[in-house]
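Enquirer: Below: one structure in structure tokens.
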Amino acid sequence: MSTIVAISTATGTSGIGIIRMSGKKCFEILGKIFLPKNRKIEPKGYTIQYGNIIDPKTNVIIDEVLVSYFIEPRSYTKENLCEINSHGGTVVMRKILELCLENGAVLAEPGEFTKRAFLNGRIDLSQAEAVIDILNAKTELEAQTAEKQLEGELSKKINSIINQGVTLMSQIDVSIDYPEYDVEEISKNNIKIELNNIKQKLQELEDSFDNGKLLKEGIKTVIVGTPNAGKSSLLNAMLKEERAIVTEYEGTTRDTIEEYITVNGIALKIIDTAGIRDTENKIEKIGIEKSKKLIEEADLVIAIFDSSKELNKWDKIIIKLISYKNAIIVLNKEDIGKPSNEMLNCIEIGKPIICISALRKTGIEKIYDEIKKMFDIDKIKQDSSLIITNTRHKQAIKDAEEKIDEALKTMENKMPIDIIAIQITDALQKLGTITGNNISEDVIKDIFSKFCLGK
């Protein structure tokens, strides 16, 4: 494979920047452009040398740097690898990158360093995917969950199930190869027990995806209400900053505003929407239709009402829209008026009801407490040791589970045992795609295309 190079830190002005290079010719290329202060010392793995990057054509010093050395196979890629720690200016980093390219390296593709770590057997595919989850983590809990996957927790679980399936296959082979010993009936009972055990383990992993999705994507939380009910004020109060424009005029918010906050370690993707009402304004109408669509897609709806006024027809429509959703009813403006009995009767649809003042920022913590209770966030945190967060993994587990179900049905129908063997083999192959066995080049290419350059 070629020697690859890329800038591994974000472009822009910073204290340091890192240019990473990996491959057989890594140190040969480095030797052409790097002049260490102590030329007598041969580089060793896990060491750093201080010196200058020079342009070999002109001998002009480009930058004063530190170079980290990693000797194969004890490196991130299991190849010879170096990291040039330069000053963080864009011009300097690009010049060093150009010198590496001019002297024999090729520009790395997105995620190619991690891809090589996978192809060279340092990590499996699920661990490689955990790398991008760590990079994209929005909360500490999400990062911790991804870190456990990077350490191989998911791989161990999947490989344990695969090994259980392989052992089961050996029992089936005995029944097929030595029918004269009359062990088939005993084997079938054992096989059924083992299949149900595997199915239970797969079900537990699949069920964890709902929590994993919340960890990875956050709780999609939509704030809805009529104009001037206090949606934007609530958003600002939750964000603790003046993110949305608040005025006394109705219809100020005409498009959605999206922001993230963290509640007890779980991200909330909060979306402020256009007020739902009758309007002739075309732009506002688009925003209102978008609001209705977002209610359908939301994990959680916070429906806000002005407690100082009686409900209008659009308030009542909103109540109907949220009746089948995870929803919290918020009665705003408690500082200027209490809700009437008629309002309380109308909004009583089995959803939590919280009184707040978005203007004075009182009662906001009650909303957070209700969200924690509704999504059982404390339990998610306790169970976060092994949670499926990746849609690809969930689908592979589901496919394997279906094959195990087929095998159980085959047994119930008293069909030949060799058919069961085929179905179990199919299940094991599905699970193997999680760790990178039996995976197509197209899938690998798609996974690593989501990485940034230099990782």
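Enquirer: Sequence-distant or interchain residues sharing an amide H contact under 5 Å with residue 355, placed H: which?
Expert: 331
Enquirer: Output the peptides 88-101, 220-233 sorted from most to least packed, where packing is the average of other Cβ atoms within 10 Å over each peptide's residues.
Expert: 220-233, 88-101
Enquirer: What net charge do the residues around residue 57 carry, taking every other residue with its C-beta under 14 Å from that of residue 57, with Lys and Arg at +1 and Asp and Glu at -1?
Expert: -1
Enquirer: Among the lysines, which have Cα under 29 Å from the Cα of residue 44 when same-chain residues fewer than 8 positions away are ignored?
Expert: Counting by Cα, and skipping residues close in sequence, residue 44 has these lysines nearby: 24, 25, 32, 57, 78, 95, 115, 455.
Enquirer: For residue 93, what charge total do you get from the other residues with a beta carbon under 14 Å from its beta carbon, if Lys and Arg give +1 and Asp and Glu give -1?
Expert: -1
Enquirer: Let me ask something additional. Roughly how far apart, in whole Å, are the Cα centres of region 107-156 and region 1-71?
Expert: Distance between centres, Cα-based: 25 Å.
Enquirer: Compute the semi-axes of the equivalent ellipsoid of region 4-122, taking the square root of 5 times each eigenvalue of the Cα gyration tensor, and list them largest first in whole Å.
Expert: For region 4-122, the ellipsoid semi-axes come out as 21, 17, 13 Å.
Enquirer: About the Cα centre, and with charges only on the beta carbon of Lys, Arg (+1) and Asp, Glu (-1), how big is the dipole of the chain? Nearest 20 debye, please.
Expert: 1420 debye
Enquirer: Now for a separate question. Once log10 I(q)/I(0) by the Debye sum over Cα atoms at q = 0.06, 0.07, 0.08 Å⁻¹ is worked out from the coordinates, which option in (i) -0.29, -0.40, -0.52; (ii) -0.26, -0.35, -0.45; (iii) -0.44, -0.57, -0.71 does it equal?
Expert: From the options (i) -0.29, -0.40, -0.52; (ii) -0.26, -0.35, -0.45; (iii) -0.44, -0.57, -0.71, the structure gives (iii).
Enquirer: On the first, second and third principal axes, largest extent first, how far apart are the outermost C-alpha atoms of region 304-404 in Å?
Expert: Taking the Cα atoms of region 304-404, the three principal extents are 59, 27, 18 Å.
Enquirer: How big is the gap, in Å, between the Cα center of region 325-385 and the Cα center of region 405-436?
Expert: What the calculation gives is 48 Å, centre to centre.
Values in this text are rule-based calculations from the coordinates and carry no lab data. All of these numbers come straight from a predicted model, not from anything done at the bench. Here the Cβ is made from the backbone with ideal geometry for all residues, glycine too, and neighbour counts use every protein chain on show.
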